[in-house]
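Down below is the structure, laid out as structure tokens.
What follows draws every value from the coordinates through simple rules; no lab data is involved. Just so we're clear, the structure is a prediction, and the values are computed from it rather than from any experiment. Every residue, glycine among them, receives a Cβ derived from its backbone with ideal geometry; neighbour counts consider all protein chains shown.
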Amino acid sequence: MRAPQDQPVIFVIDDDPSIRSTLEDLLQSVGLEARVFKSPQEFLKSARPDVPGCLVLDVRLPGQSGLEFQRTLAGSDVDLPIVFITGHGDIPMSVRAMKAGAVEFLTKPFNDQELLDAIHAAIKRDRERRADTRLVAELKARFAALTPRERDVLTEVVSGRLNKQIAADLALSEATVKLHRGQIMRKMRAASLPELVRMADRLGISRRTS
């Protein structure tokens, strides 16, 4: 059983009260927490828990359309996978939505299982994004614990430079380079050189080109 703080929340935005009620009942019937809103503005004013989730969004809304709201969210700190629903969709519209990162684009009437499958796929995507964000934050903390010289050596190591080359480049002895390499592996918690290279890639550390 997952911890309560990891229980997903599904946000539904649809201006039709009957649709909101139907979707809320469906989600609750399978044990999912649903929070429903009649407009994007109402959603943005709400408090959102820091848990995995997704957004079920109607394409056609009064004022700002679902597609326009998708663009608004892309430039905000709200990072939720979107499942679009619409009664008036077309292929160009669905292509735009999917290219912008939507998980699914469902045209009404759709069956309950189609929507639930899309929602579970969206939750899975959000869990993976959140885990990746935590990993990068942890790697940044480990990197911050390195001394300036260890960071210099790290750049050389992940560039494939040999100890004697690193020593020459940084005006160090090979013994000192070996010492720094050991400290780097320990502080970064890397079990192997390939793992250290992957960590450096995630941190965006540029490798030497020569």
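Panel note: the C-alpha atoms of region 145-203, placed on their principal axes, show extents of 28, 20, 18 Å (largest first). Each stretch of four or more DSSP H residues adds -39500 (n - 2.57); spread over every residue of the chain, this sum gives -17500 deg cm²/dmol at 222 nm.
Among the lysines of the chain, pairs at least eight places apart or on separate chains and with Cα atoms under 30 Å apart come to 16. Cα centroid separation, region 142-176 to region 7-81: 49 Å. Treating the Cα atoms of region 75-152 as identical point scatterers in vacuum, please give the log10 of the normalised Debye intensity I(q)/I(0) at q = 0.11, 0.15, 0.24, 0.27 Å⁻¹, two decimals. Debye intensities relative to I(0), on a log10 scale: -0.46, -0.66, -1.12, -1.23.
Take each peptide in 159-165, 113-119, count the other Cβ atoms within 10 Å of every residue, and average; sorted highest first, the result is 113-119, 159-165. All Cα-Cα separations within region 4-131 were binned at 10 Å from zero, giving a P(r) of 13, 50, 34, 3, each value a whole percent of the pairs. Local charge for residue 208 was computed over the other residues whose Cβ lies under 9 Å away, with Lys and Arg +1 and Asp and Glu -1, and equals 0.
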